[in-house]
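The values are calculated or read from the model by the stated rules, or taken from the named source; none is laboratory data. This is a predicted model, so every value here is computed, not measured. Cβ placement follows ideal geometry from the backbone for every residue including glycine, while neighbour counts extend to all protein chains displayed. Only protein heavy atoms, including side chains, enter the accessible area calculation; ligands, DNA and RNA are left aside. Shrake-Rupley method; radii C 1.70, N 1.55, O 1.52, S 1.80 Å.
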Amino acid sequence: MTTSAKKCDHTSVGILAWHDSKLLLIERANLPYGFALPAGHVDGDIDYEAAAKREFKEETGLEVVKLELVLEKRKENHCRRSGGTWHHWKLFKAEWKGELKRSEEETKQAAWFDTAALHELADHTKKYLAEETSEPEWQENPGLEPVMYEFLKELKII
């Protein structure tokens, strides 16, 4: 079964990982397009923490050493899965170890972004949300995934 054929479980995790004052983001290879925290659905994991560890390892090759919950809330956000119009999110700050090795299947890139680069991506997202950027332009050169833009603003990172 392809990911897009799965039914949405309305549960999602996101992981904030820092290195030298830079935040780790992935550029999604699939919908929803944009730069995002490593993230994903709980998908039957025993709990949100197990899902966070699994998703982080799958998307970045890095291993979680410690998780700290920094935000929990329901967000209306579109999902490529059937029935996915909202998610109960838990965002964690992670201590990690290992070498960054992105998922070739799920990501176009994974990199560390400083504050200036995060603000540049955020400005691009503002234009997209204001419909000043076309969908083809967005897919070619995205900013922050809209739900991540909202989270990073709420956490006062941007």
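As an exercise: evaluate residue 50 against (1) surrounded by 13 or more Cβ atoms within 10 Å (Cβ to Cβ); (2) hydrophobic (A, V, I, L, M, F, W, C); (3) touching a residue at least 12 places away in the same chain (Cβ under 8 Å) and give the number of the one condition it does not meet.
(3)
Right, residue 10: open to solvent by 20 Å² or more (accessible area, probe 1.4 Å), within 14 Å of the chain's Cα centre (by Cα) and over 23 Å from residue 114 (Cα atoms) or not?
no
Looking at 28, 81, which is the one that is within 25 Å of residue 120 (Cα to Cα) and in contact (Cβ under 8 Å) with a residue 60 or more places away in the chain?
Values: 81 fails: within 25 Å of residue 120 (Cα to Cα).
Only one candidate passes the filter, namely 28.
Just to verify a result, which residue in the stretch 90-101, among those that are in contact (Cβ under 8 Å) with a residue 60 or more places away in the chain, more than 13 Å from the chain's Cα centre (by Cα) and open to solvent by 20 Å² or more (accessible area, probe 1.4 Å), is nearest to residue 63 (Cα to Cα)?
Top of the filtered list is 96.
Residues in the stretch 53-88 that are hydroxyl-bearing (Ser, Thr, Tyr) and open to solvent by less than 70 Å² (accessible area, probe 1.4 Å): how many?
Looking only at that region, the number is 2.
Can you confirm whether residue 120 is over 20 Å from residue 80 (Cβ atoms) and open to solvent by 80 Å² or more (accessible area, probe 1.4 Å)?
Numbers: over 20 Å from residue 80 (Cβ atoms): yes; open to solvent by 80 Å² or more (accessible area, probe 1.4 Å): yes.
Yes, satisfied.
What single numbered condition from (1) closer than 28 Å to residue 129 by Cβ; (2) out of contact with any Phe, Trp or Tyr (no Cβ under 6 Å at 6 or more places or on another chain) fails to hold for residue 99?
(1)
Each row is one residue, and each column tells you yes or no for (1) within 13 Å of the chain's Cα centre (by Cα); (2) modelled with pLDDT under 95.
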position: 16; (1), (2): yes, no
position: 39; (1), (2): yes, no
position: 60; (1), (2): yes, no
position: 67; (1), (2): no, no
position: 74; (1), (2): no, yes
position: 88; (1), (2): no, yes
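Residue 21 fails exactly one of the following numbered conditions: (1) open to solvent by 70 Å² or more (accessible area, probe 1.4 Å); (2) more than 18 Å from residue 109 (Cβ to Cβ); (3) modelled with pLDDT of 95 or more; (4) in contact with a strand residue (DSSP E or B) (Cβ under 7 Å, 6 or more places away or on another chain). What is the number of that condition?
(4)
Being surrounded by 18 or more Cβ atoms within 10 Å (Cβ to Cβ), out of contact with any Asp or Glu (no Cβ under 7 Å at 6 or more places or on another chain) and touching a residue at least 24 places away in the same chain (Cβ under 8 Å): is that true of residue 155 here?
On the way: surrounded by 18 or more Cβ atoms within 10 Å (Cβ to Cβ): no; out of contact with any Asp or Glu (no Cβ under 7 Å at 6 or more places or on another chain): yes; touching a residue at least 24 places away in the same chain (Cβ under 8 Å): yes.
Here the answer is no, as residue 155 does not meet what is asked.
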